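Enquirer: Got a structure for you, written out below as structure tokens; questions coming shortly.
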Amino acid sequence: MRILLIEDDKRLAALTKKVLEGEHFDVDVSHNGDEGVEIALRSVYDVAIVDWMLPGRDGPAVAQAIRAARLSTAVLMLTARTQVEDRVAGLYSGADDYLTKPFSYDELIARIHALGRRVGGVGAVNTWELRIGNIVLDTRTYSARRADRVLDLTKTEWTLLECLMRHPGQTLSRQFIMDYVWSYESTVQPTMVDVYVSYLRNKLSLPGYQDPIQTKRGLGYYLDVDNA
């Protein structure tokens, strides 16, 4: 499950990221509300954990931006505010759940799983598995298989497959794929997308099965659900 943590307390953010990654979540961190919204709009996350008080946009404004963009990302608001009216305001802004500080990490993890079940994912059998056709991706173990064969993927190939599976049938530009797979690394060139698509196609190639990755010339790539 992919998590976006937007928290300006850098020590708390670092600790929370470490705890969540220990539970096999894939976590990206932002310390600013405006930057957090930009990241949320340019990638795909199952859950956004958003602090109420942030530089730039505050937590409710971040939640509103995510909802305005019609993203499926669930929003869990963190705040030290305990008044009922504050919780109500947070929920009305677009948050799906609310957790007051200080919080237990056990409770945070339980709420993330609950939000994952509530929101669901494309082809999800559970909160950690993506399934489209005969291709299955396990986000806990970073493993993948097609039909009965386990796919020996590198982390980059696995993330590329995840990107395509979270947008089935949608043509994704090379820039979008670069941002998703390489997390804004400035040294990555668009030609790397073509190289890794070729690698992934080779590993998905099985006797009797068609190539699920299709090319839209000049536009990008998409996962053909009918061929998956």
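The values are calculated or read from the model by the stated rules, or taken from the named source; none is laboratory data. Everything quoted here is computed from the prediction, not taken from an experiment. For neighbour counting, all protein chains shown are included, and Cβ atoms are generated from backbone atoms with ideal geometry for every residue, glycine included.
Enquirer: Does S205 satisfy being farther than 20 Å from D138 by Cα and of a type in the set (G, A, S)? It would help to see each step written out before you state the result.
Expert: Numbers: farther than 20 Å from D138 by Cα: no; of a type in the set (G, A, S): yes.
Spelling it out, it is not the case that S205 is farther than 20 Å from D138 by Cα and of a type in the set (G, A, S).
Enquirer: Still on this structure, please answer the following. Find all pairs meeting these conditions: Cβ atoms under 6 angstrom apart; at least six residues apart or on different chains; first residue within segment 88-110 and surrounded by 16 or more Cβ atoms within 10 Å (Cβ to Cβ); second residue among the small types (G, A, S) and assigned to a helix (DSSP H, G or I).
Expert: These pairs meet every condition: S93/A63; G94/A63; A95/A63; Y98/G90.
Enquirer: Now for a separate question. Which one is modelled with the highest pLDDT, of the residues in segment 62-101 that are assigned to a helix (DSSP H, G or I) and of a type in the set (D, E)?
Expert: E85
Enquirer: Another question, if that's okay. May I ask you to list pairs of residues, at least six apart or on different chains, whose Cβ atoms are under 6 Å apart, with the first in segment 146-174 being closer than 14 Å to P212 by Cβ and the second being surrounded by 20 or more Cβ atoms within 10 Å (Cβ to Cβ) and of a type in the set (S, T, N, Q)?
Expert: Nothing qualifies.
Enquirer: Please indicate, with yes or no, whether at least one residue in segment 24-37 is β-branched (V, I, T), surrounded by fewer than 23 Cβ atoms within 10 Å (Cβ to Cβ), at pLDDT 90 or above and assigned by TED's automatic domain parsing to the domain that holds D97.
Expert: yes
Enquirer: Answer yes if at least one residue in segment 40-51 is in a helix (DSSP H, G or I) and among the small types (G, A, S), and no otherwise.
Expert: Going through segment 40-51, the residues in a helix (DSSP H, G or I) turn out to be 40-42.
Within this subset, residues satisfying the condition of being among the small types (G, A, S) are 40.
Yes, segment 40-51 contains a residue that is in a helix (DSSP H, G or I) and among the small types (G, A, S).
Enquirer: Please give the strands (runs of 3 or more DSSP E) falling wholly within segment 102-169 in which 1 or more residues are modelled with pLDDT of 85 or more and touching an Asp or Glu at 6+ places or on another chain (Cβ under 8 Å). It would help to see each step written out before you state the result.
Expert: Details: elements: 124-126, 129-132, 135-138, 143-146.
The qualifying strands (runs of 3 or more DSSP E) are 135-138, 143-146.
Enquirer: Say we look at segment 151-176 and pick out the residues that are in contact with a strand residue (DSSP E or B) (Cβ under 7 Å, 6 or more places away or on another chain) and of a type in the set (A, V, I, L, M); which of these is farthest from R2 (Cα to Cα)?
Expert: My answer is L151.
Enquirer: Just the residues that are touching an Asp or Glu at 6+ places or on another chain (Cβ under 9 Å), over 22 Å from R42 (Cβ atoms) and among the hydrophobic types (A, V, I, L, M, F, W, C), please, taken from segment 181-228.
Expert: Scanning segment 181-228 gives a single hit, L204.
Enquirer: Here's something else I'd like to know. Output yes when any residue across segment 57-64 is buried (at least 20 other Cβ atoms within 10 Å of the Cβ), under 22 Å from I177 (Cβ atoms) and not acidic (D, E), and no when none is.
Expert: no
Enquirer: What about D194, is it assigned by TED's automatic domain parsing to the domain that holds L151, farther than 23 Å from R149 by Cα and at pLDDT 90 or above? Talk me through it step by step, then tell me what you get.
Expert: Working: assigned by TED's automatic domain parsing to the domain that holds L151: yes; farther than 23 Å from R149 by Cα: yes; at pLDDT 90 or above: yes.
Here the answer is yes, as D194 does meet what is asked.
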